[in-house]
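In what follows, a structure is listed as structure tokens, so that the remarks can point back to it.
Rule-based calculations on the coordinates, nothing more; no lab input. Quick caveat, the model's predicted, so the values are computed rather than measured. Every residue, glycine among them, receives a Cβ derived from its backbone with ideal geometry; neighbour counts consider all protein chains shown.
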Amino acid sequence: MPVLVQTRAVSRPLRLLVAEDEAVIALGLKQVLLSAGYEVCAIVATARDAVEAAGRMHPDLVLMDIMLRDGDGVDAACTIWASYRIRSLFMSALDATSLHDRAAAAYPLGFLTKPYRCEDLLSRLEQAARVRVGA
């Protein structure tokens, strides 16, 4: 059961934007998130679409792949943070210190190294709901 986000009027599930260019991974991720009670407001495959969708849909959190079809997920996450104050949880097969250093400007919730366990992802999302991601 997901931790609900408190707003002034109502508690609601965490709204997530998924930026993942591997369609099979994105659809599997969506199923896991929906089954856990989270809301997936959009799935996008490019950095450009991630920035556009974040501005249009105002999710609570972006699940951001590092290497997207048209560019760098870190750059997209930095733009999303600077423009909309929406944090990202990075998902990548890469786990380099230089990547973490560069991503710091996006004020990330953290990193999940692929392949990750569903339990680890859901634990991070519960943490996100508790800290009220945009704070």
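Quick one: among ALA76, ALA19, ALA36, which has the greatest mean-square fluctuation in a GNM of the chain with alpha-carbon springs under 10 angstrom?
The residue with the greatest mean-square fluctuation here is ALA36.
Around ASP120, with a cut-off of 13 angstrom between Cβ atoms, what is the net charge of the other residues, counting Lys and Arg +1 and Asp and Glu -1?
+1
So for the pair MET57, ARG69, with labels modelled 7 Å out along Cα→Cβ, what separation do we get in nm?
Simple spin-label model gives 1.5 nm for this pair.
If you average over every viewing direction, what projected area does the convex hull of the Cα atoms of the chain give, in nm²?
That works out to 7.3 nm².
For the chain, take the longest principal axis of its alpha carbons; what is the angle in degrees between that and the long axis of helix 47-57, to the nearest 10 within 0 to 90?
Tilt relative to the chain: about 20 degrees.
Over the chain, with a Gaussian network built from C-alpha contacts below 10 Å, which listed residue (PRO13, PRO115, PRO59) shows the highest mean-square fluctuation?
Among PRO13, PRO115, PRO59, the largest GNM mean-square fluctuation belongs to PRO115.
I'd like the orientation of helix 73-84 relative to the chain: the angle between its Cα long axis and the longest Cα principal axis, in ° from 0 to 90, rounded to 10.
That helix lies at roughly 50 degrees to the long axis.
List the relative contact order of the stretch 27-120 as a percent without decimals, with contacts defined as Cα pairs under 8 Å and 6+ residues apart.
For the stretch 27-120, the relative contact order is 23 percent.
Largest first and in whole Å, what are the equivalent-ellipsoid semi-axes of the stretch 61-125 based on the Cα gyration tensor, each being the root of 5 times an eigenvalue?
18, 14, 11
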